[in-house]
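Student: Below is a structure I'd like to ask you about.
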Amino acid sequence: MTDDRQQDTRARLTSSRRRLLAAAALAPITAGVPARAHALSAGPTSRALVAPVMTKLTDWADVGKSLGRPGDMKRFMYHTGLPRRDLRVYSHGILIDPALALGTHVSFVRYADHSTLLMGDAVVTERELQHFCDVLQEHGIMQTAIHKHLLAHEPDVWWVHLHAHGHDPVAVARGLRAAFACTGTPPAVPAAPPRPVDLDTTAIDAAMGVRGSADGKIYKSVYVRRETVADGHMALPPGLGSTTSVNFQPLGGGRAALSGDLVMIAGEVQPALTALRRGGVELVEVHHHNLTDEPRLFFVHYWAVGDAVRLAKAVRRAVDVTNVVPMPGGAG
């Protein structure tokens, strides 16, 4: 009798445990949230994060020399832009301005523990892609995403996200230089003085709720996540790896080609995608940019052609379902 009672007790406990596990698994779904959304979207854990530190342009002289390209400072980041001006890329018959969607860029950030983080996004042709990745791997530079920003484009172009962390940024810069040397990425040229963009930028700013900025012929509106974003044990400065970018290329008559990406946590993905489609914006890709970010971030790349102000209002509705604020200091 004792054995029978023990078996009965174990059976009741097992049944009760299963009911609790099932209820826990179903709770997010019954609340209208994907089952894993809470796990994917949790903020940084309670462990102490290493903070970025401010640096000066002169602090990066050796990195710039090794990279072979001049850089500039964007708040905490030593940033180098390498737009693919050598490529003539068409999407749906529209010649893509390099500043709209063909802008290779790399950023270095110094941390309080004296380590350095590299993040970047490289534009390469399909013919260049595999060798480019091979060279990066030879120099210990990770590829954290390989994906598309544009629909139906010629020639075939891919975007590769780059990541490295250590105490020798000069070695990382040398690796980047070797990889870029395997592509047609052209030398840097001095930045041209700002020119008026052929769009109603006042109306775009009003629609987007952020003051945009010109990048050549392109007008850009940029937002950053409100919460602290971590990459592993490092706190990312605003604007590094977690921005929403809305880019307008004038086509004349108030019309524009629109390209960019929204940064989202898991619970924001479906509302943002729905808002974009209801606004007539085409979806290109949903993916990650990083491997160890907290909260877990997703990015949707999108495309549209039409009246620039109408498109700005459509994208703003998608932006508004995400937890972002205007980039400090504007989009520059």
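The values are calculated or read from the model by the stated rules, or taken from the named source; none is laboratory data. As the structure is a computational prediction, the values presented were derived from the model and not from experiment. FYI the Cβ positions are ideal-geometry reconstructions off the backbone, even for glycines, and counts take in every protein chain you see. Just so you know, the surface numbers come from the protein's heavy atoms only, side chains and all, with ligands and any DNA or RNA stripped out. Shrake-Rupley method; radii C 1.70, N 1.55, O 1.52, S 1.80 Å.
Student: Ordering 149, 167 by accessible area with a probe of 1.4 Å, largest first, what comes out?
Tutor: 167, 149
Student: List, in order, the whole-Hz ³J(HN,Hα) value for each residue of the stretch 79-96 obtained from phi through the Karplus relation with A = 6.51, B = -1.76, C = 1.60 and θ = phi - 60°; use x for Gly and Pro.
Tutor: Values, residue by residue: 10, 10, x, 9, x, 7, 5, 6, 9, 10, 9, 10, 10, 6, x, 9, 6, 7 Hz.
Student: Taking K and R as +1 and D and E as -1, what net charge do the other residues with C-beta under 14 Å from the C-beta of residue 144 add up to?
Tutor: So the environment of residue 144 carries a net charge of -2.
Student: Sticking with this structure for a sec: Could you work out what % of the accessible surface of the stretch 203-332 is carbon and sulfur, using a 1.4 angstrom probe and leaving DNA, RNA and ligands out of the count?
Tutor: For the stretch 203-332, the apolar C and S fraction of the accessible surface comes to 50 percent.
Student: Quick one: net charge around residue 250, please, counting Lys, Arg +1 and Asp, Glu -1 for every other residue with C-beta under 13 Å from its C-beta.
Tutor: Net local charge, residue 250 excluded: -1.
Student: Which whole-Hz ³J(HN,Hα) couplings does the stretch 291-300 yield from phi under the Karplus relation 6.51 cos²θ - 1.76 cosθ + 1.60, θ = phi - 60°, glycine and proline marked x?
Tutor: So the Karplus estimates, Gly and Pro as x, are 9, 10, 7, 9, x, 5, 10, 10, 10, 10 Hz.
Student: Quick one: grab the alpha carbon gyration tensor of the stretch 209-288, order the square roots of its eigenvalues as a ≥ b ≥ c, and give me rounded if a/c is under 1.5, else prolate or oblate depending on whether a/b is larger than b/c.
Tutor: Oblate shape, in that a/c is at least 1.5 and b/c is the bigger or equal ratio.
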